[in-house]
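The values are calculated or read from the model by the stated rules, or taken from the named source; none is laboratory data. If you're wondering where the values come from, they're calculated on a predicted model, not measured in any experiment. Note that we place each Cβ from the backbone using ideal geometry, even for glycine, and neighbour counts take in every protein chain shown.
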Amino acid sequence: MPTGLTAKIYEGKELTLREFALRCATQFSPAHSYGGDLPLDKAPVLENSSIDYYERELKKAREELEEANRLKEHPEEVERIIEQEAKKIEEENEQRKIRYAEMRKRYDAMIAKVERFQVPDEYKYLRDFMLKHLKETKEYDCTEDFIQIEVKPISPEVWIARKLKHAHENIGYCEEKLAKEKEWYANANKHLQGLYKAIDEYEKQNE
C-alpha cells in the first residue's frame with residue numbers, strides 16, 4: 001500500500017531522489033516545522049512567530065520595570081493607582097456576580113428539564129449521567145471561590161516591590177525563551193541548508 005511519500009513510485013510516475021529525500025525529511029524535525037512540502041530548488045528559511053512574540057513581551061517587561069522604578073519616587077501616585085485597582089476589582093466582582101447568577105439560572109433550567117425527562121428503564125443510565133454531569137459542572141462553574149477577588153490593603157512600598165519583582169521575572173523568562181528560540185531556529189536552518197547541500201553534491205556526482 002503506497003503512502004504519500006511513495007505514491008509516485010506506485011503509480012509509475014517519475015520521482016527524483018531530491019524530491020523523495022525532501023518529502024521524507026518533512027517527517028522529521030526541523031523540516032516538519034516548515035508546514036508542507038519543501039521547495040525543490042533551495043532550502044527555505046524557517047521563521048518563528050514566537051521570536052517576535054517574546055521580543056514584544058521583553059520590550060513590555062522592560063518598560064514595566066522602567067515605570068516601576070519611576071514610581072518609587074512618587075508614592076502619592078502609587079496610592080492613586082492602588083485605589084483605582086481596588087475599585088476596578090470591586091466592579092469586576094459585581095459584574096461576575098451578575099454573570100454567574102445568570103449562569104446558575106441556565107444550569108438550573110436544564111437540570112429541571114432533565115429531572116422531568118421520563119425515559120424507559122433501558123435509557124435511565126443516560127438520564128442519570130445527564131443529571132449527574134449537570135450538577136457536578138454547576139458546582140464547579142458557579143462556585144463563589146472563582147468569582148470573588150478579595151481586595152486587601154497594600155502599601156505603596158509593597159506594591160512597588162511586587163511590580164519590580166514581576167518585571168524582573170518577566171524579563172528573565174523572556175530573555176531565556178528568546179535565546180532558546182533563536183538558537184533552535186538557527187540550528188534548524190543550518191540543518192536544512194546542510195541537507196540541500198548533501199543532495200546537490202549527490203546529484204553532481206551522479207549526473
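Points worth noting:
- Residue identified as of a type in the set (Val, Ile, Thr), under 30 Å from Leu58 (Cα atoms) and outside any helix (DSSP H, G or I) among Ile149, Ile160, Ile171: Ile149
- Subset of the range 130-172 [modelled with pLDDT of 85 or more, under 30 Å from Lys113 (Cβ atoms) and of a type in the set (Val, Ile, Thr)]: Thr137
- Look at the range 21-47: where a residue is within 14 Å of Trp184 (Cβ to Cβ) and of a type outside the set (D, E, K, R) and a partner is modelled with pLDDT of 85 or more and loosely packed, with under 12 Cβ neighbours inside 10 Å, sitting 6+ places away or on another chain with Cβ atoms under 9 Å, you get Pro30/Asn187.
- Given (1) touching a residue at least 24 places away in the same chain (Cβ under 8 Å); (2) farther than 30 Å from Glu19 by Cβ; (3) in a helix (DSSP H, G or I), index of the condition Ile154 fails: (3)
- Check on Lys113, in contact (Cβ under 8 Å) with a residue 12 or more places away in the chain, more than 30 Å from His191 (Cβ to Cβ), out of contact with any helix residue (DSSP H, G or I) (no Cβ under 7 Å at 6 or more places or on another chain) and of a type in the set (D, E, K, R): no
- Condition check for Tyr125: over 26 Å from the mean Cα position of the chain (by Cα), free of Cβ contacts under 8 Å to residues at least 24 places away in the same chain and part of a helix (DSSP H, G or I): yes
- Selection from the range 6-57 of residues that are assigned to a loop (DSSP other than H, G, I, E, B) and either surrounded by 14 or more Cβ atoms within 10 Å (Cβ to Cβ) or touching a strand residue (DSSP E or B) at 6+ places or on another chain (Cβ under 6 Å) (or both): Thr6, Leu15, Thr26, Pro30, Leu38, Ala43, Pro44, Leu46, Asn48
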